Amino acid sequence: MTVSVSNIQERLLLGPGPSPVTDRILQAMARPTLGHLDPQFLAIMDDVNERLRRVYGTTNELTFPVSGTGSAAQEASLANVVEPGDKVIVGINGVFGGRLTEMARRMGAEVVTVEAEWGRIIDPQRMIEAHAAHPEARVLAIVHAETSTGVRQPLKEIGEVLAGSETLFLVDAVTSLGGIPVDVDAHHIDVCYSGTQKCLGVPPGLAPITFSPRAVERIRSRKSPCQSWYLDAALLADYVGAGAQRKYHHTAPINMMYGLHEGLVLLEEEGIEARFRRHAEVGAALQSSLEERGFTLFAQEGHRLPQLTSAALPGGREEGPVRKELLTRFGIEVGGGLGPAAGKIWRVGLMGSGATHESVGRLLAAVDELLG
Ligand SMILES: *Cc1c(COP(=O)(O)O)cnc(C)c1O
């Protein structure tokens, strides 16, 4: 058969991302491409930024989508506020904390890590103690929703301590934004980034980021220029802000911006609280149904993400072959484990428009047929 996108078979995307994309978003992306300086496009971009502030729970002026996936915003978050020789504290209890560490090291930071077992939270007290031991740290970074394990990290206590210090609070909200509250301002978060392809339900390609006034001040007073030209927030601010000079930096991914705009419109039509409730309800339903079937939930009880469920199959059954059949026979995608959890668990995402009882029903019916 000729390879053509018109032959693509639709899947039910219940993995760790990308999540299903609704027709309204796909239709929005099919609108005519505009120039990146066209006033029509600038109005859409400004509105995206305003809507992002509401979803993030922030009044931060410097809030915009980075051109790239979540990993691009992850690099941007560190690259803008870290200078060579800076001390950075990073919490690691899964893949993404490990990546923060690797990125910070590549930027010349001296990284202090606080590690916890995969599947467990990092006790906030341990982060606070690490900060007390290294009060000169310029940044403390942690992952809110660890997609590799399904753990939801408490942020409140850490934010309260850092607010009264010189250390910036940097949070990975790639899997949390749009699925559970992030509350950037309430948690005193200085740098927060996400991605379009998880709970926002938009294809991969843009990555919302926000910088607090304190973080902007840090960027302005850098001694060395941001290591990355492409991700330099000081340069990008000349294009993205409502009062900006609209100076050309790079060509914005125009049609992706339409998709993100429509995704944010859909989110507000539903209502953000209703959306959080929907994710909470279907996540809880899936988790109890899997336990009834003999699955063992991997993430620490009381700290489980509703939008990402990690679970070992009943009776020590090998996960890979079943997952493959789920995709080929039933058209349902779920993820496998990473790192120490590789081969041991499934990671089931109920994100964005995928977070429905219908998704749960389809998955469970297939699982019953495959394991029954
Ligand atoms: C998915 C993810 C990323 C990376 O995002 P990409 O879109 O895959 O580049 C970073 N952090 C977390 C917690 C994620 O789940």
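The values are calculated or read from the model by the stated rules, or taken from the named source; none is laboratory data. Being a predicted model, the structure only gives us computed values, none of them experimental. Positions of Cβ are backbone-derived with ideal geometry, glycine not excepted, and every protein chain shown enters the neighbour counts. Each accessible area value is taken on the protein alone, full model and side chains, heavy atoms only, with ligands, DNA and RNA left out. Shrake-Rupley method; radii C 1.70, N 1.55, O 1.52, S 1.80 Å.
At a glance:
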{"quantity": "Test for residue 139: is it in contact with a Ser or Thr (Cβ under 7 Å, 6 or more places away or on another chain), assigned by TED's automatic domain parsing to the domain that holds residue 78 and within 10 Å of the ligand (Cβ to nearest atom)", "calculated": "no"}
{"quantity": "Within the range 23-71, tally of residues that are within 16 Å of the ligand (Cβ to nearest atom), open to solvent by 40 Å² or more (accessible area, probe 1.4 Å) and not in a helix (DSSP H, G or I)", "calculated": "1"}
{"quantity": "Among the residues listed as 283, 263, 195, the single one being in the same structural domain as residue 360 (by TED's automatic domain parsing), within 30 Å of residue 364 (Cα to Cα), touching a residue at least 12 places away in the same chain (Cβ under 8 Å) and within 16 Å of the ligand (Cβ to nearest atom)", "calculated": "283"}
{"quantity": "The lone exception for residue 74 - which of (1) near the ligand (Cβ under 9 Å from one of its atoms); (2) open to solvent by 10 Å² or more (accessible area, probe 1.4 Å) it fails", "calculated": "(2)"}
{"quantity": "Residue in the range 263-270 that is open to solvent by less than 40 Å² (accessible area, probe 1.4 Å), under 17 Å from residue 181 (Cα atoms) and not small (Gly, Ala, Ser) present", "calculated": "yes"}
{"quantity": "Residues within the range 80-100 that are within 16 Å of the ligand (Cβ to nearest atom) and surrounded by fewer than 20 Cβ atoms within 10 Å (Cβ to Cβ), tallied", "calculated": "3"}
{"quantity": "Selection status of residue 231, touching a residue at least 24 places away in the same chain (Cβ under 8 Å), outside the structural domain of residue 307 (by TED's automatic domain parsing), of a type in the set (A, V, I, L, M, F, W, C) and not in a helix (DSSP H, G or I)", "calculated": "yes"}
{"quantity": "Only one of 215, 237 that is closer than 30 Å to residue 133 by Cα, touching a residue at least 24 places away in the same chain (Cβ under 8 Å), outside any loop (DSSP other than H, G, I, E, B) and among the small types (Gly, Ala, Ser)", "calculated": "215"}
